[in-house]
Structures are given as C-alpha cells and as structure tokens.
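A short write-up of the structure that comes next.
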Amino acid sequence: MKYFFDFCFGVILLILLSTPMLIIAITIRISSKGPVIFWSDRVGFAGKIFSMPKFRTMFDNTEVLATDKLNNPNESITSIGKFLRKYSLDELPQLFLIIKGSMSFVGPRPALFNQTELIELRKNGGLDQVIPGLTGWAQVNGRDKISNAEKVELDLEYMRYKSFWFDIKILLITFVAVFKSTDVVH
C-alpha cells in the first residue's frame, strides 16, 4: 500500500508541479554557472549508494559535504539556492525516485555517502533496511538542528509506530514546516 500511495501521489505531484519545476530550472540556469540538477551520492536501502537529484543550490565545484560541515556555507549557496532551500523546493526532483520506488515520501532521510557516523548508527539500528524518504519523523522534529544520534532515535521511533496514518501525519507536519520554513539552518 505504501508503494501504491507513493507512486500515485508522486505522479499527481509531478504533473501539478511540472511548470514550477521548469521555472526553477530556468532560473537556476540563468542565475549561475553549472548544471541545473545536482546529483548527490546517498546511502539508500541495504546501504547501497544511489544518486539523488536535487535542484542545484550551491555554486558549481563546492565541496561535497553536509552543509553544516562547510567552512562558510552561506558563501557557497547561490541567491536562488537560499530561497529553494528555505522552502525545500530543491528536493522536488526526488519525485522521480519516489515514482521509481527507490525512495518513499516518508522514511529516514538518506545520508550523504561521507556521513559515516550517521550511516553506522542507522546500520546498527537496522534502519539501513528501510527505503529512505523525502521527509521523515526526524526531519519534522528538528531537521538541521538535531544530532545524528537524535535523528536515529526518531527514525527508530518512526519504525516502531509506522502506519499509513503516521505517514500522513508526517507529510502534513512537513507541509506546515516547509511553509513556515522552520528548522532550516542553511
């Protein structure tokens, strides 16, 4: 049922958001040099590395690190990138992966390939056996402001109470958080 929901809702959103996504792509292309889509190597189901698309929000050739690990993250983010990140619009290309089935709307947010502590904590908790999500319980309970250990605890809590209605609750909280742009550091 989860994949059926992800697929159907993903297709509907992709159709509804295709024009805004095209406008975002054109704006990125005009505003700074580099590709429109940034492909980020992430850790997915069973610890396998996959390429996750995002609208590019940083200048081309920025070091591939979690934003909070960059020396001066605000200097690396483009002007349009700040807006896209604030409202999580940079995440929209992930709809393609949700439709494909390699991501879900709700699940643990996929770690960057070099976030070794987070990857190890998730593996120890069995979270590497869960399809990663566009949003998750950890995302709506702190996003950029919580530690790796707290993220894993919240993701484990999600797994204990996982249900269709819990997913709907997380999606609704996500929508409100994105609209208010809460807990966004960079």
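Read-outs throughout are calculated quantities, based only on the coordinates presented, and are distinct from any laboratory measurement. The shown structure was predicted, so the numbers you read here are calculated from the model rather than taken from an experiment. Note that each Cβ is placed from the backbone with ideal geometry, even for glycine, and that neighbours are counted across all protein chains shown.
In a simple Cβ point-charge model (Lys, Arg +1; Asp, Glu -1; nothing else charged), the stretch 2-180 has a dipole of about 340 debye relative to its Cα centre. Only one residue of Leu17, Phe83, Pro93 has its Cα farthest out toward the positive end of the dipole of the stretch 2-180, where Lys and Arg carry +1 and Asp and Glu -1 on Cβ, and that residue is Leu17. Estimated from helical segments only, the mean residue ellipticity of the chain at 222 nm is -15000 deg cm²/dmol, where each DSSP H run of four or more residues counts as -39500 (n - 2.57).
Taking the Cα atoms of the chain, the ratio Rg/Rh between the radius of gyration and the Kirkwood radius comes to 0.94. Which of the lysines could a cross-linker bridge to Lys48, judged by Cα under 24 Å and excluding same-chain residues fewer than eight apart? Qualifying lysines at Cα under 24 Å: Lys2, Lys69, Lys100, Lys123, Lys151, Lys162.
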